[in-house]
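A.B. asks: Quick one: the structure is below, questions incoming.
Computed from the coordinates by the stated procedures, all read-outs in this text should not be read as laboratory data. Remember, it's a predicted structure, so these values are computed and weren't measured experimentally. Neighbour counts are summed over all protein chains in view; Cβ atoms, including those assigned to glycine, are modelled from backbone coordinates with ideal geometry.
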Amino acid sequence: MSDDWVPPAPNPPDDPLVRFEEFVRARTASLWHAAYLLTGDRHHAEDLLQTALERTAVRWDRLDRPEAYVRKVLYTQAVSWWRRRQRRVPEVLVDATPEPPGGAGEPEVRIVLAQALRRLTAKQRAVLVLRFYEDCTEEETARLLGVAPGTVKSQTRHALGRLRQLAPELAGLLGDPDGTPTTGRDEKVATR
């Protein structure tokens, strides 16, 4: 997971509202990006982040690790929304992919990956975001999503296989067929 936010060192104000506002200004871009990866939609990501920040603001004085709390609310709230959405008529996503704030990497790869992620099931997308974007372990992912670690393993395997079918041009990002992704730091090259 990302580094937890730490209040500024030189005598932060004692006012909790000021500290919360500083936290929001400092971490919104990163939190929005995680919300976008979970939802696949700019507006839903903004709503999800707003809900998470609202719940955090209410408990701000009692939180030791505010960013960890916000991220947990993001994941649990996203799962709740997906469950509710399963009972509704599915929404149609537009073709335009929004530019995430402060994004890095090749735009073409981000677009192809975002489009492929949108075509996965909500659970598969959540597992991939938690495992490979947020760098959670299988156990952490299972705990955040309220499922067994075996479900996380299975969903990861199925999701990576589906991504390979949907976007074969992402083979370098997806790694070996056994589900082990390659990153820029790895020496492995996926051969297919």
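A.B. asks: What is the gain in length, in nm to one decimal, between Thr151 and Ala57 on full extension, counting 0.36 nm per residue of separation less the C-alpha to C-alpha distance? All intermediate terms of the calculation are to be shown ahead of the outcome.
C.D. replies: Numbers: separation 94, 0.36 × 94 = 33.84 nm, distance 3.26 nm.
Here the segment from Thr151 to Ala57 would lengthen by 30.6 nm.
A.B. asks: Right, something else. When ranked by the protection proxy of mean other Cβ atoms within 10 Å per residue, highest first, what sequence do the peptides 32-45, 14-27 form? Mind showing how you got there, number by number?
C.D. replies: On the way: 32-45: 21.1, 14-27: 13.9.
Result, highest mean first: 32-45, 14-27.
A.B. asks: Ok, one more. Between Leu17 and Glu46, take the C-beta separation as r, use R0 = 22 Å, and let me know the FRET efficiency to the nearest 0.05. Intermediate results must be reported in sequence, preceding the final value.
C.D. replies: Values: r = 22 Å, r/R0 = 0.99.
After rounding, the FRET efficiency stands at 0.50.
A.B. asks: Moving on to the next point. Please give the residues of the range 40-74, grouped as numeric ranges, whose backbone N is less than 15 Å from a label point set 7 Å along the Cα-to-Cβ vector of Arg83.
C.D. replies: 73-74
A.B. asks: Okay, moving on. Report the FRET efficiency, 1/(1 + (r/R0)^6), for Arg143 and Arg110, where r is their Cβ-Cβ distance and R0 is 30 Å, rounded to 0.05. Each step should come with its number before you reach the end.
C.D. replies: Numbers: r = 29 Å, r/R0 = 0.96.
Working from the Cβ atoms, E equals 0.55.
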